[in-house]
Amino acid sequence: MAICSHLSALTALIPAAEHVCPDCVALGDKWVHLRVCQECGHVGCCDQSKNKHATKHFRATEHPVIISAEPGEQWAWCYVDEQMAEY
Ligand SMILES: [Zn+2]
Ligand SMILES: [Zn+2]
Ligand SMILES: [Zn+2]
């Protein structure tokens with residue numbers, strides 16, 4: 001399967017500016033893993049987290065690509081095409 005245009009356009013990755021989910025901090029909640037939007041740098045929590053802020057960010061903004069912010073994980077995910085790529 002060919003890699004989608006969103007993932008193939010990914011060149012300089014945006015790292016997590018901080019290692020917290022700001023939306024969870026505001027709610028006083030906890031998260032499981034962190035994801036970073038590659039359009040604007042928004043940090044959100046993963047779908048195993050109660051609040052799923054990364055997915056909510058995609059639904060609100062349609063920014064298509066996130067990367068994992070977890071140490072040792074090197075992958076990107078496109079919500080639009082539901083494709084994963086290692087980098
Ligand atoms: Zn895509
Ligand atoms: Zn969160
Ligand atoms: Zn974004």
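Rule-based calculations on the coordinates, nothing more; no lab input. All values derive from a computational prediction rather than experimental measurement. Backbone-built Cβ (ideal geometry, glycine too); neighbour counts: all protein chains shown.
The listed peptides 3-12, 58-67, ordered by packing as a protection proxy, come out as 58-67, 3-12 (highest mean of other Cβ atoms within 10 Å first).
Would you work out if segment 20-81 is rounded, prolate or oblate? Take a ≥ b ≥ c from the square roots of the eigenvalues of the alpha-carbon gyration tensor; rounded if a/c is under 1.5, else prolate when a/b is larger than b/c, oblate otherwise. The shape class here is oblate. Isolated cysteines of the chain, defined as having no other cysteine beta carbon under 4.7 Å away, are CYS4, CYS37, CYS40, CYS46, CYS78.
The calculated 222 nm mean residue ellipticity attributable to helices in the chain amounts to -5000 deg cm²/dmol, summing -39500 (n - 2.57) over DSSP H runs of n ≥ 4 and dividing by all residues.
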